[in-house]
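All remarks here apply to the structure that follows.
No value in this document is a laboratory result; all are computed from the given coordinates. Predicted model only: the values in this text are computed from it and were never measured. Counting neighbours? That spans all protein chains shown, and the Cβs are built from the backbone with ideal geometry, glycine included.
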Amino acid sequence: MTSGSGSRVLVVEDDATLAEVVGIYLGRAGLTVEHVADGEQALVACALRRPDLVVLDLMLPGVDGREVCRRLRATWPIPVIILTALGSVADRVLGLELGADDYVTKPFSPRELVLRAQAVLRRTGAGSVPAPLVDGDLDLDVVARRARRGGRDLPMTTREFDLLAFLLRHPGQAFTRDELLRRVWGWTVGGHATVTSHVRHLREKVEEQPSRPERLVTVWGVGYRWEPARRA
């Protein structure tokens, strides 16, 4: 799963549902996310393209998180946040002794993890500030969470902004309502009317004629697609 154009975060987690939720929240913050499910894949991914930050579960199949952290620290100066259900003082001390930059225990708030990730990236100087998302007269600053059209601010709810940012990151790609619920809202069931309502409100803000949309278009029998602005 990949999203955003800012700092690259490798999430190493064998729980696919948890990894997806983490990816959604990190992506909303403008970070580019890659996910692998075990320690061996993590080491290969880091060797192929070094990430700016690794979010690392300790309890992994095969090469466990402790060994991954040791090898990363011995090879590359990559910041690491350990994410684990092992929350005793001894476990925390061990994680920090392995060289981890932070330690988050399960269950956790995804928003807190995002804030910790941003803090580690700032502290270590890793990565870059996410670039604004620009399409024609639309400009989304994902850091300031400000949307503009033709230089004018667009008032948006949190979810409207998240949905528009997601679509701008995937121009020309059709998504079902279920996919949008999962990847923008983090829901796994129900709520199609929620997507439809947010699409309608967005069209009122970004379309010249909301009743005849040309940017946030309906793909009949599928869902919705963002049509990038035509270049002059």
Computed over the chain, the relative contact order (Cα-Cα under 8 Å, seq sep at least six) in percent reads 16 percent
Taking H placed 1.01 Å from N in the peptide plane, check which residues at least 5 places from residue 80 or on another chain put their amide H under 5 Å from its amide H.
54, 101, 102
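Below 8 Å between Cα atoms, with a sequence gap of 6+, how large is the relative contact order for the range 146-208 in percent?
30 percent
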Top positive-direction residue, dipole computed over the chain with Cβ charges, set 42, 167, 228
228
Grab the beta carbon distance between residue 70 and residue 111, set R0 = 22 Å, and tell me the FRET efficiency rounded to 0.05.
0.15
Where does the chain land at 222 nm, in deg cm²/dmol rounded to the nearest 500, when only DSSP H runs of n ≥ 4 count, each adding -39500 (n - 2.57), divided by all residues?
-11500 deg cm²/dmol
Put a dot 7 Å past each Cα toward the Cβ at residue 229 and residue 157; how far apart are the dots in nm?
2.6 nm
Per 0.36 nm of contour for each residue apart, how much would the distance between residue 148 and residue 134 grow if the chain were fully extended, relative to their Cα-Cα spacing?
4.1 nm
Cα gyration tensor shape for the range 142-206, rounded if a/c is under 1.5, else prolate or oblate:
prolate
Karplus (6.51, -1.76, 1.60) ³J(HN,Hα), θ = phi - 60°, over the range 24-38, in Hz, Gly and Pro reported as x:
4, 5, 5, x, 4, 7, x, 8, 8, 10, 10, 10, 10, 9, 8
Which whole-Hz couplings ³J(HN,Hα) result when phi for each residue of the range 9-21 is put into the Karplus expression 6.51 cos²θ - 1.76 cosθ + 1.60, θ = phi - 60°, listed in order with x for Gly and Pro?
10, 9, 9, 10, 7, 8, 8, 4, 5, 5, 4, 5, 4
Mean separation of Cα contacts under 8 Å, 6 or more apart, over the residue count of the range 96-191: relative contact order %:
13 percent
Whose amide H sits under 5 Å from the amide H of residue 146, counting only residues 5 or more places off or on another chain, with H placed in the peptide plane?
141
Calculate the dipole size of the range 125-232 relative to its Cα centre from +1 charges on Lys and Arg beta carbons and -1 charges on Asp and Glu beta carbons; express the result in debye to the nearest 20.
40 debye
